[in-house]
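Below is one structure, written out as structure tokens, with a few remarks after it.
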Amino acid sequence: MITRLREWRFLPFVCIVLASLLVYLQAAGFEFLLFDDELLIIDNPKVHGLSFLHLFQIFTTYDPELYIPLTLLTHQIEYTLFGLNPAVYHFTNILLHTGNAVLVYCIFTKLLNRKAALIAGLLFALHPINAEAVAWASARKDLLSSLFFLFALLGYLTSRKKLSLLSFLCGLLSKVSIAPLPVILLVIDWLNGVPIDKKNLQGKLPYFALSVLFGVVALFGKEAQATEPLIPLFLSFVSIPFYLLKYFIPVHLSIFYPFTDTASFFHPRILTGAVIIILITAIAWKVRKRTRVPLVSWFFFLCMLAPSLTNVMKGGDAGSYDLYFASDRYVYLAGLGILLFIGAHITERKWLYWLPIVILFGILGIRQAGTWRSSETLFRNAVAASSNSYVAYNNLGGILAQNKQYADATALFEESIRVKENPRALFNLGKLYAVQGRSAEAIRSYERVLTFRPEDANVYAQLGGLKLLLGDVEAAFTDLQKANALDPNIPSVHYNLGLIYEYRKQKENALSEYRRVLELDPADVQAQRKLGGTMQQ
């Protein structure tokens, strides 16, 4: 059957579809995650049903920083038909990735021999580094934009320009990260020996116009990424070699790749990365007259990574921001450059030698996809993959604390702070100490939070409550007043102020505070009892 591959033209498609389902069908049983799924899907009213209002909202707003109306439209359709059923959202992702893998095969048949294209399609379908894009419901935008990117590229290669442009437009409406497509088309032309002349460039003008338009739209939604403009440049020297390494050796993959050192050009990882990039570029340039594939593959890889290289700051707090140098999903399309390079070295006669690698990547892919089963498995994997993933330590600690595994949660919060002192872990550690009755330790932890967030009302509310519990009424009153000044809508603050006013025999002030509690939370039983008891007196 293998020797008759040319006659059985449907066989490559069957192989790729089955391979994709083998790795990722398990994701249909996965949960929504406590990481972006709440923001984009569960608690996002704009995607809870199809209506003219919701359609208007997704096409006229950012969510929260990205302009992704078509992606949100798919969530609206899913919610309308199936509600918040995670299996549906995950299964849609699986179908999109499977379709993308088939399109990769179709595109590569235009650039390589069919057997090399099959290996490339299988590697794309199975590659563990793609697990983040497929098994994470919130990564829909990456899959959907990639689908349209691949349709646009295939349409261009098959001389269907109108279909190509329409697909490109839909891709940009899904996520702007595919904006480098017109440059990719020029690179493919050069690979195929098509002259890069005035006529060629004029033919690309509609693509460039769409890229510029959506690039401007994206800029208005994006917040500043770092206080130092050179940080994205420095971290790109870390991320580019890192992506290359992980594409060839896809182990110890994680949702988090934090950079906890000071980012400067003379940092060993940054300096080494710069040297590696320069060497690869020089070699690809030197051999271009003998073969254009290395330079085209390298440029494709860099071009498709470029939009993500500035996205280095995420989830920061006042006084503290988190630097990340990579995310697996960012290499979803960029990896096609690597696959093109690999495919160019696969001959018709020796393609079977690649099957063991395909099988190995499939096994690794199954394992990596499984780490996305739940929030706990995801963060446990992140902790195991990277010893400096302080956000993962904090998030896993939060899950264990909810499960009342206080000792393990405490150790995780403390480890997060050891890696990098950060207000989230300090705040969570303070709450955990308070639950365990370790009030003095909780107070110290909250006071350290204030060095990062000096105007955080919730911290002052917690401090006031703890100091009141310890009998330090005056200090508690000061903290509670500060909390109330910063945010007058915290019920616990008003309840504790009411207790203090009762202690001081200031009945009217206590009544006022208890009434305020019930205004904010009419179901508060303690305030109801206190207010009733005070009124009877």
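The values are calculated or read from the model by the stated rules, or taken from the named source; none is laboratory data. This is a predicted model, so every value here is computed, not measured. FYI the Cβ positions are ideal-geometry reconstructions off the backbone, even for glycines, and counts take in every protein chain you see.
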Among 205, 191, the single one that is surrounded by fewer than 20 Cβ atoms within 10 Å (Cβ to Cβ), farther than 20 Å from residue 169 by Cα, more than 28 Å from the chain's Cα centre (by Cα) and in the same structural domain as residue 136 (by TED's automatic domain parsing) is 191
What residue, among those in the range 421-430 that are buried (at least 16 other Cβ atoms within 10 Å of the Cβ) and not hydrophobic (A, V, I, L, M, F, W, C), is farthest from residue 478 (Cα to Cα)? 422
Lone qualifier among 56, 52, 108, 35 - being surrounded by fewer than 20 Cβ atoms within 10 Å (Cβ to Cβ), touching a residue at least 60 places away in the same chain (Cβ under 8 Å) and not small (Gly, Ala, Ser): 35
Go through (1) buried (at least 22 other Cβ atoms within 10 Å of the Cβ); (2) touching a residue at least 40 places away in the same chain (Cβ under 8 Å); (3) out of contact with any strand residue (DSSP E or B) (no Cβ under 8 Å at 6 or more places or on another chain) one by one and return the number of the condition residue 390 breaks. (3)
What about residue 129, is it modelled with pLDDT of 95 or more, touching an Asp or Glu at 6+ places or on another chain (Cβ under 6 Å) and hydrophobic (A, V, I, L, M, F, W, C)? yes
Go through (1) assigned to a loop (DSSP other than H, G, I, E, B); (2) under 38 Å from the mean Cα position of the chain (by Cα); (3) farther than 30 Å from residue 386 by Cα and name the single condition residue 458 misses. (1)
Go through the range 480-511 and give me each residue that's small (Gly, Ala, Ser) and within 13 Å of residue 457 (Cα to Cα). 483, 485, 492
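Is there a residue being in contact with a Leu (Cβ under 8 Å, 6 or more places away or on another chain), of a type in the set (Asp, Glu) and surrounded by fewer than 23 Cβ atoms within 10 Å (Cβ to Cβ) anywhere in the range 453-464?
Yes, because at least one residue in the range 453-464 is in contact with a Leu (Cβ under 8 Å, 6 or more places away or on another chain), of a type in the set (Asp, Glu) and surrounded by fewer than 23 Cβ atoms within 10 Å (Cβ to Cβ).
Residue by residue, here is whether (1) in contact with a helix residue (DSSP H, G or I) (Cβ under 9 Å, 6 or more places away or on another chain); (2) buried (at least 23 other Cβ atoms within 10 Å of the Cβ); (3) assigned to a loop (DSSP other than H, G, I, E, B); (4) not hydrophobic (A, V, I, L, M, F, W, C) holds:
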{"position": "84", "(1), (2), (3), (4)": "yes, no, yes, no"}
{"position": "93", "(1), (2), (3), (4)": "yes, yes, no, yes"}
{"position": "96", "(1), (2), (3), (4)": "yes, no, no, no"}
{"position": "100", "(1), (2), (3), (4)": "yes, yes, no, yes"}
{"position": "115", "(1), (2), (3), (4)": "yes, no, no, yes"}
{"position": "118", "(1), (2), (3), (4)": "yes, yes, no, no"}
{"position": "124", "(1), (2), (3), (4)": "yes, yes, no, no"}
Count of residues meeting criterion [in contact (Cβ under 8 Å) with a residue 40 or more places away in the chain and either in a helix (DSSP H, G or I) or more than 20 Å from residue 146 (Cβ to Cβ) (or both)] in the range 170-191: 13
Among (1) more than 14 Å from residue 312 (Cα to Cα); (2) part of a loop (DSSP other than H, G, I, E, B), residue 255 falls short only on (1)
Pick from the range 9-30, criterion surrounded by 15 or more Cβ atoms within 10 Å (Cβ to Cβ) and of a type in the set (Val, Ile, Thr), ranking: farthest from residue 127 (Cα to Cα): 17
Boolean, residue 378 is crowded, with 20+ Cβ neighbours inside 10 Å, aliphatic (A, V, I, L, M) and in contact with a helix residue (DSSP H, G or I) (Cβ under 6 Å, 6 or more places away or on another chain): no
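Yes/no per residue for (1) under 23 Å from residue 329 (Cβ atoms); (2) at pLDDT below 90; (3) surrounded by fewer than 21 Cβ atoms within 10 Å (Cβ to Cβ):
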residue	(1), (2), (3)
172	yes, no, no
179	yes, no, no
199	no, no, yes
212	no, no, yes
223	yes, yes, yes
226	yes, yes, yes
Name the residues in the range 148-169 that are free of Cβ contacts under 8 Å to residues at least 60 places away in the same chain and either hydroxyl-bearing (Ser, Thr, Tyr) or touching a Gly at 6+ places or on another chain (Cβ under 6 Å) (or both), would you? 148, 156, 158, 159, 163, 164, 167
Conditions (1) out of contact with any His (no Cβ under 6 Å at 6 or more places or on another chain); (2) buried (at least 24 other Cβ atoms within 10 Å of the Cβ): number failed by residue 134: (1)
What do you reckon, is residue 80 part of a helix (DSSP H, G or I) and within 24 Å of residue 373 (Cβ to Cβ)? no
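Within the range 488-517, can you find the residues that are surrounded by fewer than 17 Cβ atoms within 10 Å (Cβ to Cβ) and not in a loop (DSSP other than H, G, I, E, B)?
Hits for the range 488-517 are 503, 507, 508, 509, 512, 515.
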Just to check your reading of the model, which residue among 440, 434, 476, 485 is loosely packed, with under 13 Cβ neighbours inside 10 Å, modelled with pLDDT of 90 or more, within 30 Å of residue 407 (Cβ to Cβ) and of a type in the set (A, V, I, L, M, F, W, C)? 440
Please find, among 300, 214, the residue that is in contact with a Gly (Cβ under 7 Å, 6 or more places away or on another chain), within 30 Å of residue 163 (Cα to Cα), of a type outside the set (S, T, N, Q) and touching a residue at least 40 places away in the same chain (Cβ under 8 Å). 300
Could you say which residue among 254, 320, 297 is modelled with pLDDT under 90, surrounded by 12 or more Cβ atoms within 10 Å (Cβ to Cβ) and not aromatic (Phe, Trp, Tyr)? 320
Among (1) in a helix (DSSP H, G or I); (2) over 20 Å from residue 301 (Cα atoms); (3) in contact with a helix residue (DSSP H, G or I) (Cβ under 6 Å, 6 or more places away or on another chain), where does residue 274 come up short? (2)
